[in-house]
Amino acid sequence: MEFIKNYLAVRKTIPENVMLIAVSKFSPFETILTLYNETGHSLFGESRAQELALKQAQLPVGISWHFIGHLQTNKIKLLLAHTSLIQSVDSYRLLKEINRESAQLDKVTDVLLQFHVATEETKFGLSKDETVEMIMDKEFNTLQNIKLKGVMGMASFTDDHSLVRKEFKTLRRLFEELRRDYFASDASFSEVSMGMSSDYTLAIEEGSTMVRIGSLIFGER
Ligand SMILES: *Cc1c(COP(=O)(O)O)cnc(C)c1O
């Protein structure tokens with residue numbers, strides 16, 4: 001099966017200390033199950049809440065699911081019981097809602113803050129200023145039901161490698177500044193999720209700890 005070969009080839013190029021998230025959006029259940037059974041790969045990423053919830057509920061419990069898409073507040077409840085990490089928290093409002101819904105389920109939800117580092121207008125994400133303002137807000141420290149594990153971002157969709165590299169450097173630097181200034185005593189603020197099929201090698205060179213790879217494994221969507 002092509003996707004098994006693809007997966008093994010990709011796997012070989014990723015260092016031990018970098019997590020590989022197989023982005024399975026639009027891939028059928030059977031494909032995911034086969035990859036899991038044949039290779040033991042157990043970490044998948046989905047960008048729609050409904051799809052993630054359905055897949056998680058029907059596939060083996062040994063599989064973990066990261067949510068990587070734009071999350072609408074009305075989908076939080078649906079998602080929470082099914083995901084181990086929400087990578088795409090792109091507003092304070094969303095963070096507070098995730099906290100509120102998590103409290104109702106009596107759980108702590110791991111999240112990453114998504115930053116806007118690309119030149120494209122359309123990509124979602126926070127700025128450094130917005131993030132600092134959020135951290136300084138008096139309500140921020142009362143959010144007991146979310147755990148900030150790091151940052152996530154997407155580079156511009158372009159062949160210009162120097163631009164992509166620059167954006168990854170920006171994200172890594174942002175992470176380091178936040179860690180130094182606000183999370184120095186919190187060892188779990190440690191993840192930098194960056195790199196997709198077309199740019200993950202650059203992302204790893206620039207300090208990614210998690211790459212999110214879809215089409216290189218499962219084929220073009
Ligand atoms: C779809 C998606 C990916 C994977 O993209 P590929 O180019 O197929 O590897 C990674 N991150 C996010 C946020 C995505 O939506």
message: Test of understanding: in a Gaussian network model of the chain with alpha carbons linked when under 10 Å, which of D110, D199, D159 would top the mean-square fluctuation ranking?
response: D159
- request: Mind checking which lysines have their Cα closer than 23 Å to the Cα of K107? Skip sequence neighbours fewer than 8 apart in that chain.
  value: K55, K75, K77, K96, K138, K147, K149
message: Let me check against my output: what whole-number percent is the relative contact order of segment 138-209, with C-alpha pairs under 8 Å and at least 6 apart?
response: 37
- request: Please build a GNM for the chain, connecting alpha carbons under 10 Å apart, and tell me which residue among R180, R48, R11 fluctuates the most.
  value: R180
field: Nonlocal amide H pairs with V23, under 5 Å, H built at 1.01 Å
entry: G45, I213, G214
task: Determine the calculated [θ] at 222 nm for the chain from helices alone, applying -39500 (n - 2.57) to every DSSP H run no shorter than 4 residues and normalising by the residue count; nearest 500 deg cm²/dmol.
output: -12000 deg cm²/dmol
field: Over the chain, relative contact order from alpha-carbon pairs under 8 Å, at least 6 apart, %
entry: 20
query: Quick one: Cα convex hull volume of segment 2-218, Å³ per residue?
result: 122
query: Which is the longest run of the chain containing none of the GluC sites (Glu not before Pro) found in DSSP loop states (not H, G, I, E, B) with at most 10 other C-beta atoms within 10 Å?
result: 17-120
task: Quick one: what are the phi-derived ³J(HN,Hα) couplings along segment 104-118, Karplus 6.51/-1.76/1.60 with θ = phi - 60°, whole Hz, x for glycine and proline?
output: 5, 8, 6, 9, 10, 9, 6, 9, 10, 8, 8, 10, 8, 10, 7
task: At q = 0.13, 0.18 Å⁻¹, work out log10 I(q)/I(0) for segment 150-221 with the Debye formula, treating every Cα as an identical point scatterer and leaving solvent out; two decimals please.
output: -0.39, -0.67
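We did not get these values from a lab; they are worked out from the coordinates using the rules stated. This structure is a prediction, so every number in the text was calculated from the model and none was measured. Every residue, glycine as well, gets a Cβ built from its backbone with ideal geometry; the counts of neighbours run over all protein chains shown.
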